[in-house]
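The values are calculated or read from the model by the stated rules, or taken from the named source; none is laboratory data. Just so it is clear, the structure is predicted and the values come from calculations on it, not from any experiment. Glycine also receives a Cβ, built like all others from the backbone with ideal geometry; neighbour counts cover every protein chain displayed.
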Amino acid sequence: MSTNSYADAAGRPISLTAPSGIDREAHNRLDEAWLAAAWSHPTTRVFVVSGGQALIDDTPDGRTELVMTPAFEAPVTETHRYFLGTDEDGVRYFALQKDALPGRMDQSARPAGLREAGLLLSPRDAGLLVHAVALENWQRLHRFCSRCGERTVIAAAGHIRRCQACGAEHYPRTDPAVIMLVTDDEDRALLGRQVHWPEGRFSTLAGFVEPGESIEQSVRREVREEVGVEVGEVEYVASQPWPFPSSLMLGFMAGATSSRIEVDGEEIHEARWFSREELRAAFESGEVLPPYGISIAARLLELWYGKPLPKPGDVV
Ligand SMILES: [Zn+2]
């Protein structure tokens, strides 16, 4: 298979990986005069992010969008203003990080995190929210300099933290993680249940890339460690930002060269090979719960399954 054989299927809309239509304009982040002018422009839109959540609302025509206000109506917090970018119409977007979301603006506006909002929002709004949440998580966890231990301050419209004691600049972290659907020579898929997951929740295997390791090595090591299965061919499919708190999920299809399962019992409690027929029956009966809708795990599984995954109670 060529490297791009999954590209069409992987490129279908999934909110956290679809093109968002936003130009991040990184070159303007250090230009305070430009940022001030962008902030005060009448078309600029602002939303509040707090604790990984933002307000979303349903529109009369059945869409769901981020609740945004013009900048002049926004509660200004100079120190926690993130510039996110400009869309194709020239509208600029900022997120304000606050200790709490504003009170409900109307009856239907409600707080939502990425797991819910990612399924409902347009690619543009989902892209803005994932950017803001990732910055918020990083800011929250990096208030002190990792070089000298002194406090850091926000800079570059939320994209740098600077240490005033030693001058170090710290940039947002993105931790690479691999997530892989392992298949065997009978084209069955290997799914596992993590120790802390509820009964019936199965998904693809995943793990963090370790220092000094290529991502292909990481895929093979994680599968061997978690379920004792050996992997040969590893093929990249797609990636997904997963800011819980700062991961980038790199999705793969992985070909097993052995089939005997021996779970580690520490991360994976249970693992099984499923044929398509077995998976369909298990989903429909409710014996197995599918992965979260926004996760790339669901996409990898759907790619192998060949069509949208069946849901509990589906009639064949
Ligand atoms: Zn320092």
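Residue 238 versus (1) at pLDDT 95 or above; (2) outside any loop (DSSP other than H, G, I, E, B); (3) of a type outside the set (Ser, Thr, Tyr): which is the lone unmet condition?
Here residue 238 meets the rest and fails (1).
Here's a check for you: in the range 118-164, which residue that is surrounded by fewer than 17 Cβ atoms within 10 Å (Cβ to Cβ) and hydrophobic (A, V, I, L, M, F, W, C) is nearest to the ligand (Cβ to nearest atom)?
Looking at the filtered set, the residue picked out is 148.
Is it true that some residue in the range 283-300 is within 18 Å of residue 186 (Cα to Cα), assigned by TED's automatic domain parsing to the domain that holds residue 188, assigned to a helix (DSSP H, G or I) and at pLDDT 90 or above? First the steps, then the outcome.
Just the residues of the range 283-300 that are within 18 Å of residue 186 (Cα to Cα), to begin with: 300.
Pick out the ones that are also assigned by TED's automatic domain parsing to the domain that holds residue 188 and you get 300.
Pick out the ones that are also assigned to a helix (DSSP H, G or I) and you get 300.
Within this subset, residues satisfying the condition of being at pLDDT 90 or above are 300.
Yes, the range 283-300 contains at least one residue that is within 18 Å of residue 186 (Cα to Cα), assigned by TED's automatic domain parsing to the domain that holds residue 188, assigned to a helix (DSSP H, G or I) and at pLDDT 90 or above.
Being assigned to a loop (DSSP other than H, G, I, E, B), surrounded by 13 or more Cβ atoms within 10 Å (Cβ to Cβ) and modelled with pLDDT of 95 or more is the filter here, so list the residues in the range 173-202 that pass it.
Correct list: 184, 188.
Suppose the filter is in contact (Cβ under 8 Å) with a residue 12 or more places away in the chain and on the phi > 0 side of the Ramachandran plot; does residue 286 pass it?
Details: in contact (Cβ under 8 Å) with a residue 12 or more places away in the chain: yes; on the phi > 0 side of the Ramachandran plot: yes.
Judged against the criteria, residue 286 is a match.
Mind listing whichever residues of the range 135-152 are in contact with a Lys or Arg (Cβ under 9 Å, 6 or more places away or on another chain), hydrophobic (A, V, I, L, M, F, W, C) and either touching a residue at least 40 places away in the same chain (Cβ under 8 Å) or assigned to a helix (DSSP H, G or I) (or both)?
138, 141
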